[in-house]
Amino acid sequence: QKVYDKYACWCEKTTARKAAAITDAQEALRAYGQTILSLKGKVAMLSSEIEALAEGIEANKAAQEEATAIRQKENAAYMAETTETKTALAALEKAVEVLVKATTPKKEKEGAALLQAATEAKAAMKTVISALPTNTGLSMDRVAQLTAFMQETSHEKYMPQSFTVQGILTDMYDTFASDLESATRDEAAANTKFEDYIAVKTEELKLMEADKQKKEGEKAEAEVRLADTQQMYDDTAAQKEADVAFFDETKAACEAKHEEWSLRSSLREEEIAGIVKALEILTSDEARELFASSIKAGKEVGASDAYDTGRDITPSFMQISSASTAAEAPLRAFNALKAQAKATHSLRLPPPPAGGGAEKPTAAPTA
(Lines give C-alpha, C1' and ligand atoms only; values in the text may rest on other atoms or scores of the structure.)
Protein backbone atom coordinates (compact mmCIF):
# COMPACT_ATOMS: atom_id res chain seq x y z
CA GLN A 1 0.00 0.00 0.00
CA LYS A 2 2.83 2.41 0.83
CA VAL A 3 4.53 1.72 -2.50
CA TYR A 4 1.29 2.32 -4.36
CA ASP A 5 0.60 5.51 -2.40
CA LYS A 6 4.08 6.74 -3.26
CA TYR A 7 3.54 5.88 -6.93
CA ALA A 8 0.12 7.56 -6.93
CA CYS A 9 1.65 10.69 -5.37
CA TRP A 10 4.30 10.72 -8.07
CA CYS A 11 1.63 10.35 -10.75
CA GLU A 12 -0.39 13.22 -9.35
CA LYS A 13 2.55 15.58 -9.03
CA THR A 14 4.07 14.65 -12.39
CA THR A 15 0.87 14.98 -14.38
CA ALA A 16 0.04 18.26 -12.62
CA ARG A 17 3.52 19.62 -13.41
CA LYS A 18 3.32 18.52 -17.04
CA ALA A 19 -0.20 19.92 -17.41
CA ALA A 20 1.02 23.26 -16.09
CA ALA A 21 4.02 23.12 -18.44
CA ILE A 22 1.72 22.41 -21.40
CA THR A 23 -0.55 25.32 -20.45
CA ASP A 24 2.45 27.63 -20.09
CA ALA A 25 3.78 26.44 -23.45
CA GLN A 26 0.44 27.20 -25.11
CA GLU A 27 0.48 30.72 -23.68
CA ALA A 28 4.12 31.17 -24.73
CA LEU A 29 3.39 29.92 -28.26
CA ARG A 30 0.48 32.36 -28.54
CA ALA A 31 2.72 35.24 -27.43
CA TYR A 32 5.57 34.13 -29.71
CA GLY A 33 3.15 33.84 -32.63
CA GLN A 34 1.86 37.37 -32.11
CA THR A 35 5.42 38.68 -31.83
CA ILE A 36 6.44 36.85 -35.02
CA LEU A 37 3.50 38.33 -36.94
CA SER A 38 4.32 41.80 -35.64
CA LEU A 39 8.01 41.48 -36.55
CA LYS A 40 7.22 40.11 -40.01
CA GLY A 41 4.95 43.09 -40.62
CA LYS A 42 7.62 45.47 -39.39
CA VAL A 43 10.29 43.88 -41.60
CA ALA A 44 7.99 44.05 -44.63
CA MET A 45 7.13 47.70 -43.94
CA LEU A 46 10.79 48.65 -43.43
CA SER A 47 11.77 46.80 -46.61
CA SER A 48 9.16 48.77 -48.57
CA GLU A 49 10.31 52.06 -47.05
CA ILE A 50 13.98 51.24 -47.71
CA GLU A 51 13.16 50.36 -51.32
CA ALA A 52 11.28 53.66 -51.75
CA LEU A 53 14.19 55.58 -50.20
CA ALA A 54 16.65 53.79 -52.49
CA GLU A 55 14.54 54.78 -55.51
CA GLY A 56 14.36 58.34 -54.19
CA ILE A 57 18.14 58.45 -53.72
CA GLU A 58 18.73 57.21 -57.26
CA ALA A 59 16.23 59.72 -58.65
CA ASN A 60 17.90 62.51 -56.66
CA LYS A 61 21.34 61.63 -57.99
CA ALA A 62 19.99 61.35 -61.52
CA ALA A 63 18.33 64.76 -61.20
CA GLN A 64 21.57 66.30 -59.95
CA GLU A 65 23.54 64.71 -62.77
CA GLU A 66 21.02 65.91 -65.34
CA ALA A 67 20.98 69.45 -63.91
CA THR A 68 24.78 69.50 -63.81
CA ALA A 69 25.01 68.34 -67.43
CA ILE A 70 22.54 71.02 -68.56
CA ARG A 71 24.38 73.68 -66.58
CA GLN A 72 27.71 72.63 -68.02
CA LYS A 73 26.24 72.72 -71.52
CA GLU A 74 24.76 76.17 -70.91
CA ASN A 75 27.99 77.42 -69.41
CA ALA A 76 30.00 76.07 -72.34
CA ALA A 77 27.69 77.89 -74.76
CA TYR A 78 28.00 81.06 -72.68
CA MET A 79 31.77 80.84 -72.60
CA ALA A 80 31.95 80.30 -76.36
CA GLU A 81 29.55 83.17 -77.03
CA THR A 82 31.26 85.59 -74.67
CA THR A 83 34.68 84.73 -76.09
CA GLU A 84 33.40 85.39 -79.61
CA THR A 85 31.69 88.58 -78.50
CA LYS A 86 34.76 89.86 -76.68
CA THR A 87 36.88 89.17 -79.76
CA ALA A 88 34.39 91.07 -81.91
CA LEU A 89 34.31 93.95 -79.44
CA ALA A 90 38.10 94.19 -79.51
CA ALA A 91 38.08 94.16 -83.32
CA LEU A 92 35.31 96.76 -83.44
CA GLU A 93 37.13 98.98 -81.01
CA LYS A 94 40.31 98.71 -83.09
CA ALA A 95 38.44 99.39 -86.34
CA VAL A 96 36.66 102.44 -84.94
CA GLU A 97 39.95 103.75 -83.64
CA VAL A 98 41.57 103.29 -87.06
CA LEU A 99 38.65 104.94 -88.86
CA VAL A 100 38.64 107.89 -86.50
CA LYS A 101 42.36 108.32 -87.00
CA ALA A 102 41.98 108.00 -90.77
CA THR A 103 39.36 110.73 -90.95
CA THR A 104 41.61 113.29 -89.15
CA PRO A 105 45.00 113.27 -91.01
CA LYS A 106 47.59 116.08 -90.76
CA LYS A 107 47.40 118.71 -93.52
CA GLU A 108 51.05 118.55 -94.58
CA LYS A 109 50.64 114.82 -95.32
CA GLU A 110 47.06 114.84 -96.37
CA GLY A 111 47.31 112.69 -99.50
CA ALA A 112 49.75 110.07 -98.23
CA ALA A 113 48.16 109.95 -94.82
CA LEU A 114 44.74 109.49 -96.32
CA LEU A 115 45.93 106.59 -98.45
CA GLN A 116 47.65 104.93 -95.53
CA ALA A 117 44.61 105.49 -93.31
CA ALA A 118 42.33 103.97 -95.93
CA THR A 119 44.55 100.91 -96.19
CA GLU A 120 44.65 100.50 -92.42
CA ALA A 121 40.89 101.01 -92.17
CA LYS A 122 40.16 98.32 -94.75
CA ALA A 123 42.51 95.92 -92.97
CA ALA A 124 40.76 96.67 -89.69
CA MET A 125 37.38 96.11 -91.35
CA LYS A 126 38.50 92.68 -92.57
CA THR A 127 39.51 91.85 -89.03
CA VAL A 128 36.15 93.04 -87.73
CA ILE A 129 34.20 91.04 -90.30
CA SER A 130 36.17 87.88 -89.59
CA ALA A 131 35.65 88.34 -85.83
CA LEU A 132 31.93 89.07 -85.98
CA PRO A 133 29.67 86.41 -84.43
CA THR A 134 27.51 84.42 -86.80
CA ASN A 135 24.33 85.79 -85.25
CA THR A 136 25.20 89.48 -85.41
CA GLY A 137 21.73 90.40 -86.63
CA LEU A 138 23.05 93.02 -89.17
CA SER A 139 20.58 94.13 -91.76
CA MET A 140 21.28 93.58 -95.43
CA ASP A 141 21.57 97.34 -95.91
CA ARG A 142 24.39 97.65 -93.39
CA VAL A 143 26.16 94.59 -94.76
CA ALA A 144 26.06 96.24 -98.20
CA GLN A 145 27.48 99.51 -96.80
CA LEU A 146 30.38 97.69 -95.11
CA THR A 147 31.10 95.73 -98.28
CA ALA A 148 31.04 98.89 -100.41
CA PHE A 149 33.39 100.65 -97.99
CA MET A 150 35.93 97.84 -98.25
CA GLN A 151 35.73 97.81 -102.06
CA GLU A 152 35.85 101.59 -102.52
CA THR A 153 38.99 102.89 -104.28
CA SER A 154 37.98 106.51 -104.79
CA HIS A 155 39.47 108.93 -102.31
CA GLU A 156 36.57 111.31 -102.81
CA LYS A 157 34.00 108.79 -101.58
CA TYR A 158 36.20 107.42 -98.80
CA MET A 159 35.57 110.15 -96.24
CA PRO A 160 31.73 110.03 -96.33
CA GLN A 161 31.68 106.25 -96.27
CA SER A 162 34.18 106.25 -93.42
CA PHE A 163 31.89 108.30 -91.22
CA THR A 164 28.97 106.02 -92.09
CA VAL A 165 31.00 102.91 -91.28
CA GLN A 166 32.14 104.45 -88.02
CA GLY A 167 28.52 104.91 -87.05
CA ILE A 168 27.69 101.31 -87.98
CA LEU A 169 30.66 99.91 -86.06
CA THR A 170 29.90 102.09 -83.05
CA ASP A 171 26.31 100.81 -83.01
CA MET A 172 27.55 97.24 -83.34
CA TYR A 173 30.00 97.78 -80.49
CA ASP A 174 27.28 99.15 -78.24
CA THR A 175 24.95 96.27 -79.16
CA PHE A 176 27.61 93.60 -78.55
CA ALA A 177 28.61 95.21 -75.27
CA SER A 178 24.98 95.28 -74.16
CA ASP A 179 24.46 91.68 -75.28
CA LEU A 180 27.58 90.60 -73.42
CA GLU A 181 26.44 92.31 -70.26
CA SER A 182 22.98 90.74 -70.53
CA ALA A 183 24.46 87.29 -71.20
CA THR A 184 26.73 87.68 -68.19
CA ARG A 185 23.77 88.56 -65.97
CA ASP A 186 21.77 85.61 -67.32
CA GLU A 187 24.69 83.28 -66.76
CA ALA A 188 25.11 84.50 -63.19
CA ALA A 189 21.39 84.06 -62.51
CA ALA A 190 21.37 80.60 -64.07
CA ASN A 191 24.43 79.58 -62.07
CA THR A 192 22.87 80.89 -58.83
CA LYS A 193 19.66 78.97 -59.58
CA PHE A 194 21.69 75.84 -60.32
CA GLU A 195 23.65 76.15 -57.08
CA ASP A 196 20.44 76.61 -55.08
CA TYR A 197 18.88 73.59 -56.79
CA ILE A 198 21.95 71.45 -56.13
CA ALA A 199 22.03 72.61 -52.49
CA VAL A 200 18.39 71.55 -52.00
CA LYS A 201 18.95 68.22 -53.74
CA THR A 202 22.10 67.59 -51.74
CA GLU A 203 20.27 68.22 -48.48
CA GLU A 204 17.41 65.95 -49.57
CA LEU A 205 19.92 63.27 -50.55
CA LYS A 206 21.66 63.54 -47.19
CA LEU A 207 18.35 63.18 -45.31
CA MET A 208 17.22 60.21 -47.44
CA GLU A 209 20.56 58.43 -47.00
CA ALA A 210 20.46 58.98 -43.23
CA ASP A 211 16.84 57.77 -43.07
CA LYS A 212 17.69 54.75 -45.24
CA GLN A 213 20.64 53.86 -43.02
CA LYS A 214 18.47 54.16 -39.90
CA LYS A 215 15.72 51.98 -41.35
CA GLU A 216 18.26 49.40 -42.49
CA GLY A 217 19.51 49.21 -38.90
CA GLU A 218 15.96 48.82 -37.61
CA LYS A 219 15.28 46.14 -40.21
CA ALA A 220 18.43 44.21 -39.27
CA GLU A 221 17.47 44.38 -35.59
CA ALA A 222 13.92 43.24 -36.35
CA GLU A 223 15.22 40.35 -38.45
CA VAL A 224 17.49 39.23 -35.60
CA ARG A 225 14.57 39.40 -33.16
CA LEU A 226 12.38 37.55 -35.64
CA ALA A 227 14.95 34.76 -36.02
CA ASP A 228 15.37 34.47 -32.23
CA THR A 229 11.62 34.47 -31.63
CA GLN A 230 11.06 31.90 -34.37
CA GLN A 231 13.71 29.67 -32.81
CA MET A 232 12.10 30.02 -29.37
CA TYR A 233 8.71 29.24 -30.94
CA ASP A 234 10.09 26.08 -32.56
CA ASP A 235 11.84 24.99 -29.36
CA THR A 236 8.73 25.62 -27.27
CA ALA A 237 6.54 23.74 -29.76
CA ALA A 238 8.92 20.77 -29.71
CA GLN A 239 9.04 20.80 -25.90
CA LYS A 240 5.26 21.01 -25.76
CA GLU A 241 4.91 17.99 -28.04
CA ALA A 242 7.33 16.07 -25.85
CA ASP A 243 5.43 17.12 -22.70
CA VAL A 244 2.10 16.12 -24.24
CA ALA A 245 3.49 12.72 -25.23
CA PHE A 246 4.99 12.23 -21.76
CA PHE A 247 1.74 13.37 -20.12
CA ASP A 248 -0.34 10.94 -22.19
CA GLU A 249 2.02 8.04 -21.51
CA THR A 250 2.22 8.82 -17.80
CA LYS A 251 -1.54 9.22 -17.51
CA ALA A 252 -2.15 5.93 -19.30
CA ALA A 253 0.41 4.12 -17.11
CA CYS A 254 -1.00 5.64 -13.92
CA GLU A 255 -4.58 4.77 -14.89
CA ALA A 256 -3.53 1.20 -15.72
CA LYS A 257 -1.71 0.90 -12.41
CA HIS A 258 -4.75 2.34 -10.60
CA GLU A 259 -7.08 -0.18 -12.22
CA GLU A 260 -4.66 -2.99 -11.38
CA TRP A 261 -4.40 -1.82 -7.78
CA SER A 262 -8.17 -1.40 -7.51
CA LEU A 263 -8.72 -4.95 -8.72
CA ARG A 264 -6.03 -6.26 -6.42
CA SER A 265 -7.47 -4.35 -3.46
CA SER A 266 -10.94 -5.64 -4.22
CA LEU A 267 -9.73 -9.23 -4.33
CA ARG A 268 -7.74 -8.72 -1.16
CA GLU A 269 -10.76 -7.24 0.58
CA GLU A 270 -12.82 -10.23 -0.50
CA GLU A 271 -10.16 -12.58 0.83
CA ILE A 272 -9.96 -10.72 4.13
CA ALA A 273 -13.75 -10.72 4.39
CA GLY A 274 -13.74 -14.48 3.84
CA ILE A 275 -11.08 -15.00 6.52
CA VAL A 276 -12.91 -12.75 8.91
CA LYS A 277 -16.11 -14.66 8.30
CA ALA A 278 -14.33 -18.00 8.84
CA LEU A 279 -12.81 -16.74 12.06
CA GLU A 280 -16.20 -15.55 13.18
CA ILE A 281 -17.61 -19.01 12.53
CA LEU A 282 -14.70 -20.88 14.08
CA THR A 283 -14.44 -18.69 17.15
CA SER A 284 -18.12 -18.47 17.90
CA ASP A 285 -19.52 -20.07 21.05
CA GLU A 286 -21.50 -22.61 19.01
CA ALA A 287 -18.35 -23.72 17.16
CA ARG A 288 -16.33 -24.06 20.35
CA GLU A 289 -19.14 -26.04 21.97
CA LEU A 290 -19.37 -28.24 18.90
CA PHE A 291 -15.63 -28.87 18.87
CA ALA A 292 -15.60 -29.62 22.61
CA SER A 293 -18.45 -32.13 22.36
CA SER A 294 -17.38 -33.74 19.10
CA ILE A 295 -13.75 -34.58 19.81
CA LYS A 296 -13.00 -37.11 22.54
CA ALA A 297 -10.22 -35.90 24.72
CA GLY A 298 -7.24 -38.27 24.79
CA LYS A 299 -7.80 -39.87 21.37
CA GLU A 300 -4.47 -39.79 19.65
CA VAL A 301 -3.73 -39.83 16.02
CA GLY A 302 -3.20 -43.39 14.84
CA ALA A 303 -5.68 -44.87 17.30
CA SER A 304 -7.82 -47.69 16.13
CA ASP A 305 -10.73 -46.64 14.01
CA ALA A 306 -12.87 -49.07 15.96
CA TYR A 307 -12.68 -46.73 18.90
CA ASP A 308 -15.65 -44.42 18.73
CA THR A 309 -16.33 -41.43 20.88
CA GLY A 310 -20.01 -41.67 20.29
CA ARG A 311 -20.16 -38.46 18.26
CA ASP A 312 -20.50 -38.06 14.51
CA ILE A 313 -18.17 -35.12 13.95
CA THR A 314 -18.13 -34.58 10.20
CA PRO A 315 -21.84 -34.55 9.50
CA SER A 316 -22.50 -32.19 12.38
CA PHE A 317 -19.82 -29.75 11.32
CA MET A 318 -20.82 -29.90 7.69
CA GLN A 319 -24.42 -29.35 8.66
CA ILE A 320 -23.43 -26.17 10.50
CA SER A 321 -21.28 -25.01 7.65
CA SER A 322 -24.06 -25.57 5.14
CA ALA A 323 -26.25 -23.27 7.14
CA SER A 324 -23.70 -20.44 7.06
CA THR A 325 -23.72 -17.79 4.42
CA ALA A 326 -20.14 -18.62 3.42
CA ALA A 327 -20.36 -22.32 2.57
CA GLU A 328 -16.72 -22.78 1.68
CA ALA A 329 -15.24 -21.07 4.74
CA PRO A 330 -16.16 -23.89 7.26
CA LEU A 331 -14.77 -26.48 4.88
CA ARG A 332 -11.51 -24.63 4.71
CA ALA A 333 -11.52 -24.36 8.51
CA PHE A 334 -12.13 -28.11 8.80
CA ASN A 335 -9.30 -28.87 6.45
CA ALA A 336 -7.05 -26.50 8.42
CA LEU A 337 -7.95 -28.29 11.72
CA LYS A 338 -7.36 -31.63 10.11
CA ALA A 339 -3.95 -30.54 8.91
CA GLN A 340 -3.16 -29.21 12.39
CA ALA A 341 -4.16 -32.54 13.96
CA LYS A 342 -1.89 -34.43 11.61
CA ALA A 343 0.97 -32.09 12.31
CA THR A 344 0.66 -32.42 16.11
CA HIS A 345 -0.38 -36.05 16.03
CA SER A 346 -3.24 -35.11 18.33
CA LEU A 347 -6.86 -34.20 18.06
CA ARG A 348 -6.68 -31.97 21.09
CA LEU A 349 -7.95 -28.44 20.80
CA PRO A 350 -6.95 -25.59 22.98
CA PRO A 351 -8.93 -25.68 26.19
CA PRO A 352 -12.18 -23.70 25.95
CA PRO A 353 -12.80 -20.64 28.09
CA ALA A 354 -14.08 -21.12 31.65
CA GLY A 355 -17.64 -22.44 31.76
CA GLY A 356 -17.35 -23.84 28.22
CA GLY A 357 -18.75 -27.21 29.32
CA ALA A 358 -15.99 -29.28 27.67
CA GLU A 359 -15.77 -32.93 28.50
CA LYS A 360 -12.91 -34.21 30.57
CA PRO A 361 -10.45 -36.29 28.61
CA THR A 362 -10.59 -40.01 29.12
CA ALA A 363 -7.89 -42.49 28.69
CA ALA A 364 -7.67 -44.20 25.34
CA PRO A 365 -8.70 -47.85 25.50
CA THR A 366 -5.97 -50.44 25.55
CA ALA A 367 -5.84 -53.16 23.14
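Across every direction, the projection of the convex hull enclosing the Cα atoms of region 1-58 has a mean area of 4.6 nm². Farthest towards the positive end of the charge dipole of region 1-98, among the residues Cys11, Gln72, Ala62, is the Cα of Cys11, using unit charges on the Cβ of Lys, Arg, Asp and Glu.
Its Cα gyration tensor gives region 162-248 an equivalent ellipsoid; the semi-axes, largest first and in whole Å, are 82, 9, 5. Tell me the label-point distance for the pair Asp24, Met79, using the 7 Å Cα-to-Cβ offset, in nm and rounded to one decimal. About 7.8 nm separates the two model spin labels. Roughly speaking, what is the centre-to-centre gap between region 76-94 and region 201-255 when only Cα atoms are used, to the nearest Å? What the calculation gives is 72 Å, centre to centre. For Ala8 and Asp196, the difference between the fully extended length at 0.36 nm per residue and the C-alpha to C-alpha distance is 59.0 nm. Please name whichever of Gly217, Leu207, Phe247 sits farthest to the positive end of the charge dipole of region 197-292, dipole taken about the Cα centre and charges placed at Cβ: Lys and Arg +1, Asp and Glu -1. Value computed over the given set: Leu207.
At an R0 of 45 angstrom, the distance between the Cβ atoms of Arg264 and Met232 translates into a FRET efficiency of 0.45. Of the residues Val96, Val224, ranked by 1.4 Å probe accessible area with the largest first, the sequence reads Val224, Val96. Between Ala188 and Ala69, the FRET efficiency estimated from the beta carbon spacing at R0 = 25 angstrom works out to 0.80. What FRET efficiency comes out for the pair Glu204/Ser178, r = Cβ-Cβ distance, R0 = 45 Å, nearest 0.05? So the FRET efficiency works out to roughly 0.70.
The values are calculated or read from the model by the stated rules, or taken from the named source; none is laboratory data. Every value quoted in this text rests on a predicted model; they were computed, and no experiment measured them. Glycine also receives a Cβ, built like all others from the backbone with ideal geometry; neighbour counts cover every protein chain displayed. For accessibility, only protein heavy atoms count, side chains too; no ligands or nucleic acids. Shrake-Rupley method; radii C 1.70, N 1.55, O 1.52, S 1.80 Å.
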